[in-house]
Each structure stands twice: as structure tokens, then as C-alpha cells.
Ligand SMILES: Nc1nc2c(ncn2[C@@H]2O[C@H](COP(=O)(O)OP(=O)(O)OP(=O)(O)O)[C@@H](O)[C@H]2O)c(=O)[nH]1
Ligand SMILES: [Mg+2]
């Protein structure tokens, strides 16, 4: 039968392996704090309190591993032991620990934020154990908190590669790091985020996330939608990659030239979260080795320098309100693997991140200064004798 279907050619094609593997960046778990032990009224004994459920950051860990470890996706902490004549104070129940990768935000089932785990060792209580029985509870142990939590993973990388499909994001990541995301001439080759690390000569390391391509209408769930843009939220620098030849998904879709693709990326980022546009950004114009690339670039170069003016003249359908600011625009042909070009990209990434860190430091110092000033003023008002 199998043989026949293969000959006739109507056997369903199995999904490509990398599509089957999928990418897990969200996981639901039911967590339950332990029940408190019974108190002993005769001796005023107190039952042990129930254990809590913790979420703890662990290095080199992934959500599929969490899922595999938490059977049936239910985790309960131990109950407190009862108070008895031999042990007036019952023992506390054992805490339950759920190891999670760094970059996990925990929400309850109503979408209320419970906290974040940003680095290995970070701890968060997600379900509290119940009180042990005591006079206030009528000597009966209380039930622990029980609810569903959602672990939402946002990758933590320094730089995010954002662009239309086929622009050459994965080719760029392969060129600047040892990561090996798949590269092919069809759109949506990358179906899940990949992280690569650039290692500089002085051993400084910068992480770069290659994300699946965005397309026009991603906010309406076209293509891969905005699903992967959440991974941009924790990056410090946006690296937009645009094909000098523009993009057309298929003959049924509009052709968008290079400038339009940049405006559309700007718009999609804005529709996802306008705050993203305040972030430092670099623009890589790729495939400068293709036909007429130099003359196209010559034509758009001055427009790119006055990008805000150009955007203000765009059709309102594609025009964003907030405009992205590029600190540098780099025309390149990444596939040519020109060492000078690649070093130049790496240097610009590093410089842009240094500027980001400096600005962050300055703004943090400002916040501290203001806080100090406020505290001093408050103290002065309290302690300096007032004139009567
Ligand atoms: N001519 C030329 N082709 C390039 C260049 N860079 C990438 N390509 C080709 O463009 C195609 C798409 O490259 P990818 O790196 O897979 O593009 P991507 O942006 O990761 O695409 P998605 O994963 O689909 O979003 C591949 O066939 C690459 O070989 C370049 O500088 N010049
Ligand atoms: Mg790709």
C-alpha cells in the first residue's frame, strides 16, 4: 500500500523536519502550594505551613525541557505536617522548584504579571503554601494557592535582525557569528529565532537574534505575524536588513521597492509596540552585488538620509507616525563574504551598543540624582526649624 501511494504520488508529504520541531516560547503550568498541617487544640500546637512553588532561573535551559520535566504540567508543593503531642510545631511542607530558562516572564491565567526571571538564580514564588492550623484558623490547615501560570519566554540578545523574508538576515548571522541558521532563496526559510554570538578580538561577546521574516500586514497575522516580535523587546539594538531590489512575496502580492520595505518595517514595528522605535537602530542594505544595485542605491541614498521627510510623503496606508532613526546605513553584499565589509558591520554593531550603554548609564545617573535631590529636600523640610 505504502509502495503504491508512493508510485501514484498522492502520499501526503511529511512536514520538513525543522518545521516539525517548532519553537516553544510559551508554556502553561498548573501550580499548587502545599496545604498547611492541622494544629492541635489541646496543646495549642501549630501545624506546619504548606510548601511554596518557586520558579528559578537556570543556565542553558529551554522551555521544552521544562515541559518534559513537569509531568502533566502540574506541580504541587508538599503539605505541612500536623501538630502532634510529640511535635507541637508541625514541620513545613517541601517547596517545589520549577527550573526555567532566563528571559521568562510569568503571568497568571488572567494575564496579570507575576514577575520576571532574567538571569540564572532569579527566584519567584508562583504559588504560596497554606498556613498551618493555629488558633486563628480554628486549628485547621489552610489550602495552598492553586492556579494556572503562563511562562512566556522572550529571548535575551543584544541585537535583533529584523527584515522582510529573503533579505539576507540569516546570511548575515552566519557571516558574523558561528551560528548556522538555514539560508535559502525562498521566503520564510527561518521559522524560529536563532541566536548567534559575535566574538571580537578582545573577547567581547555580543549576541544577535535572527528572527523569522516580517511582511506587510504582519500585525493582521499575515505571514508569521507579529508572533516573533516579542523577542525584539529585550534587545538593545535593532538591525534592519533590506534587499536593495525590494520584495514581492508572490505575483499576487504588491511589489515593494527597497525604500518601501524599510517604511513598512517601521510601520510593523510601530503597530507592534511604538516604544521599539526609540531604540538605537542600524540599517543594512543588502545584495549590493545584484543587477543595477549601485544605481538604485545612488538614487535612494539622499532619500535615506532624509528618511523622515520621505516617510511624511508616503501613502497613509503604509505611513508610520513614529519614525525609526538609523545611526548608520551600510550598503553591503553579505553573500560575497568580503572580510572588510563583515568587520565593518561588526564594528558598527559594537559602537552602537557602546553608545546605548553610555546613554543608559547617563539616564540611570540622572534618575539617581533626582531621587537623591528629592530625598534631601524631604529631609530638609522635616528637620530644618521653620520660621514662625
Ligand atoms: N546576490 C546576493 N544574494 C544574497 C545576499 N545575501 C543573501 N543572499 C541570498 O538571499 C537568499 C535569502 O537569504 P536568507 O539569509 O535566507 O534570507 P532571510 O532574510 O534569512 O530570509 P527568511 O529566513 O526567509 O526571512 C538566499 O538565497 C541567499 O543566498 C547577497 O549579498 N547577495
Ligand atoms: Mg532566515
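The figures follow:
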| quantity | calculated |
| --- | --- |
| Whole-number D in µm² s⁻¹ for the stretch 111-176, Kirkwood Cα-pair radius fed into Stokes-Einstein, 4 °C, 1.567 mPa s | 77 µm²/s |
| Exposure proxy ranking, count of Cβ atoms within 10 Å, fewest first, for 241, 232 | 232, 241 |
| Cα-based Kirkwood hydrodynamic radius, the stretch 20-130, one decimal, Å | 15.2 Å |
| Antiparallel content of DSSP bridges confined to the stretch 181-296, in %, to 5 | 50 percent |
| Percent of beta bridges antiparallel (DSSP, the chain, rounded to nearest 5) | 50 percent |
| Inter-probe distance in nm under a simple model that places probes 7 Å from Cα toward Cβ, at residue 306 and residue 114 | 5.5 nm |
| Computed E for residue 322/residue 233 - FRET, C-beta separation, R0 25 angstrom, nearest 0.05 | 0.95 |
| Cα-only Debye scattering, the stretch 103-221: base-10 log of I(q)/I(0) at q = 0.15, 0.19, 0.21 Å⁻¹ | -0.85, -1.06, -1.12 |
| Zero-based 10 Å bins, Cα pair distances in the stretch 18-80, whole percents | 18, 35, 23, 14, 8, 2, 1 |
| Stretchable slack from residue 199 to residue 184, in nm (0.36 nm times residue separation minus alpha-carbon distance) | 2.9 nm |
| Calculated on alpha-carbon atoms, Rg and Dmax of the stretch 194-243 in Å | 13.5, 44 |
| Contact order relative to length of the chain, as percent, for alpha carbon pairs under 8 angstrom and 6 or more apart | 13 percent |
| Ratio Rg/Rh [Cα only; Rh per Kirkwood] for the chain | 1.12 |
| Paired Rg and Dmax values of the stretch 161-305, which use every Cα atom, in angstrom | 14.9, 49 |
| Contour excess over end-to-end distance, with Cα ends at residue 381 and residue 62 and 0.36 nm allotted per residue | 109.6 nm |
| Cβ-derived FRET efficiency at R0 51 Å, residue 88 paired with residue 358, nearest 0.05 | 0.25 |
| Burial ordering of 265, 113, 89, 153, fewest other beta-carbon atoms within 10 Å first | 113, 89, 153, 265 |
| Modelled FRET efficiency - R0 25 Å, residue 314 with residue 365, Cβ distances, 0.05 increments | 0.05 |
| Alpha-carbon centroid distance for the pair the stretch 364-379 / the stretch 15-94, whole angstrom | 42 Å |
| Footprinting exposure proxy for 122, 243, 309 (fewest neighbouring C-beta atoms within 10 Å first) | 309, 122, 243 |
| Relative contact order (%) - criterion: Cα under 8 Å, at least six apart; region: the stretch 165-211 | 34 percent |
| Translational D in µm²/s for the stretch 221-300 (Stokes-Einstein at 20 °C, 1.002 mPa s, Kirkwood Rh from C-alpha pairs) | 153 µm²/s |
| Tail fraction, Cα-Cα pairs, the stretch 74-118, threshold 12 Å, whole percent | 73 percent |
| Dimensionless Rg/Rh of the stretch 307-368 - Kirkwood Rh, Rg from C-alpha atoms | 1.14 |
| Angle between the chain longest axis and helix 258-272 axis [Cα atoms, degrees, rounded to 10] | 10 degrees |
| For the stretch 235-388, alpha-carbon Rg relative to the globular expectation (2.2 N^0.38 Å, N residues) | 1.50 |
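Taken together, the values in this text are just the output of simple stated rules run on the coordinates, not laboratory data. Since this is a predicted model, take the numbers as computed values, not measurements. All Cβ positions, glycine included, derive from the backbone under ideal geometry; neighbour counts span all protein chains shown.
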